[in-house]
Amino acid sequence: MSQDKRADRPLTTWMLASYGAPSQPLAMIALPLAVYLPAVYADSEGFGLSLGFVALVLALSRVFDGVTDPVIGFLSDRIRTRWGRRKPFILIGTPFFVAGVWLLWVPPIEFSDVEIFGVTMSNGYPYLLAVLVLMYVGATIKDVPYSAMGAELARDYNQRTLVMSWKEAFTVSGSLIGALTPAVIVFWGYTKPADNVYFLSIICAVLMPLYVLNLLWSVPEPPIVESNRNRLSLKESFKTVWANEPYRRLVIIFLFSTIGSAMTNSLSFFFVKHVLLAGNLYGFYLAPYFISQIIAIPLWFKLSRRIGKHRATMAAIFWYAFWSCFIPVLAIAPLAWFDAFQIGTLLAFLPAEQHAATVAYFEGVPTGKFLFFIGVMMLKGSSIGALSALPYAMAADVIDLDSAQTGKSQSGAYFSIWTMARKLAYALGLVVAGGAAVWVGFDSLRDPVADPNPLSALIWLGCLYSIVPALFKFVAIPLLWNYDLTEDRVKALQAEINAKYATQNAT
């Protein structure tokens, strides 16, 4: 249905849910892409490729992907159709993304050594690069306009946080499904990362098209509010965007935060497998980690209404960093410290037969240390929802500052730079994590029990997994300390935009 016929409808709960829903299958794949891809492609039980080279391929694909973001953002700001500016791109990008996801996790070929330009290497590397490019291009075509559409749905300062909170809730629920799937299928004997991503790919291929079609039908694009009808060139558009000082702060914050997130995500499986000796139980850790995010989102939303988005974000960073400090200790702490957390001790209330069966299932796994780790990660993970949803809501606010100054509506340009910075930062984080892990002597292909890595390498792995990412997030504190785009200022900017728009229409 056309934009004009339904653009004046207020945002209902169904519209908020319909907008947020496509984030769910995306998160189902984003989770394994972040934490399982190195395990599937660079683990001894996967395709057996080199961790360092897999990280390099991931980085190259992200760099290529980031270049396409400004083009899509620029085009989606300028296109005019009866269905709106954003929806055609969302529709076109979806099938490319779904095809890339399927080919990534269910390759139709067997990997083997081949000679390319006189160099012998596994054909898994060029294959991985090709399917990642296909998937990322589809995601760019779909996601940049999708994010811009979300920024335009609401104009109220707090309602924007509500829109992004719905989106984040679906994102976390998708991550939770992605986390619970391995925990469920393990009881059917599926314990390898490749098994997990196979089932998740099927779910994504079914849900993503259904959710996107519902979004296109149920959520109207808001009318374009511009007092300046002149077309800006690509160079002029991005020059005005980068001149927006609060936006520059957010991009820098998000850039460093994403580097840290990439390091944590890419090393988490190896930390669980080689430090906690619980690789087959990895899915059991992910589920409570994302449940804690879901529970905490409403609390962070209430805090942001009380003290402002930027102060709530600062509080979330301190909370994240505090619990991150405990993680490396697990690499050197004796197992005896965690006897009270052993699965046999915690479930001592069960009947004897059931207790014995449960303990036997986890035989050989130091469950005390693993369960303690889960508890710490739940406390740490409760901050992740805030660190995702609040900066996105703040980005919608800074677009009002641009609209008041230029008279243009350039959400696509803003979110294209945002996503480009995120992808390039994520690529850098992957290279830093993979390269640093190899540099400190960690070998992902070693058997964690029969041929473990040196203790020093495991300690450094813990630091790269938790401490260093927390330090990257602390870059945000001085940039947010005197952040002045508050609720009152946003309301004043919106009044200025409306006044200019009314004057233009009258003229």
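Observations on the model:
- Charge tally in the Cβ shell below 10 Å around L479, where Lys, Arg are +1 and Asp, Glu are -1, L479 excluded: +2
- Calculated FRET value between N214 and T240, using beta carbons and R₀ = 30 Å, to 0.05: 0.30
- Stretched out straight at 0.36 nm per residue, the stretch from L379 to A336 would grow longer than its current Cα-Cα span by 13.2 nm.
- Mean Cα-pair separation over length for the range 10-506, i.e. relative contact order, pairs under 8 Å, 6 or more apart, %: 27
- Estimated FRET transfer efficiency when R0 is 35 angstrom, pair T13-A492 (beta carbons, to 0.05): 0.75
- Full extension of the chain segment joining F318 with E363 gains 12.5 nm, where the gain is 0.36 nm per residue of separation less the Cα-Cα distance.
- Dipole magnitude of the range 10-506 about its Cα centre (Cβ charges: Lys, Arg +1; Asp, Glu -1), debye to nearest 20: 1760
- Each residue, W83 and S112, gets one label point 7 Å from its Cα in the Cβ direction; the gap between the two is 4.4 nm.
- In terms of packing, defined here as the mean over residues of other Cβ atoms within 10 angstrom, the peptides 137-146, 268-277 line up highest first as 137-146, 268-277.
- Cα lying deepest toward the dipole's positive end in the range 235-384, options L347, L281, V241, charges on Cβ: V241
- Positive-end ranking of L60, L104, I72 along the dipole of the range 51-105, with charges on Cβ about the Cα centre, is headed by I72.
- Approximate spin-label separation T345-W439, in nm, with each point projected 7 Å along Cα-to-Cβ: 3.9
- Net charge contributed by nearby residues that have their C-beta within less than 10 Å of M149 (K/R +1, D/E -1): +1
- Extension gain from W481 to S456, taking 0.36 nm per residue of separation minus the Cα-Cα distance: 5.3 nm
- Inter-label distance, nm, simple model (7 Å from Cα along the C-beta direction), R248/H355: 6.5
- Quotient of the Cα radius of gyration of the range 10-506 and 2.2 N^0.38 Å, N being its number of residues: 1.00.
- Dipole of the range 10-506 computed with +1 at Lys/Arg Cβ and -1 at Asp/Glu Cβ about the Cα centre; of L424, S324, L267, farthest Cα towards the positive end is L424.
- Between I92 and L129, the FRET efficiency from the beta-carbon distance, with R0 = 30 Å, is close to 0.85.
Any read-out appearing in this document is the output of simple, stated calculations on the displayed coordinates, not a laboratory observation. Since we're looking at a predicted model, the values are computed, not measured. Because the Cβ atoms are built from the backbone with ideal geometry, glycine has one as well, and the counts that use them run over all protein chains shown.
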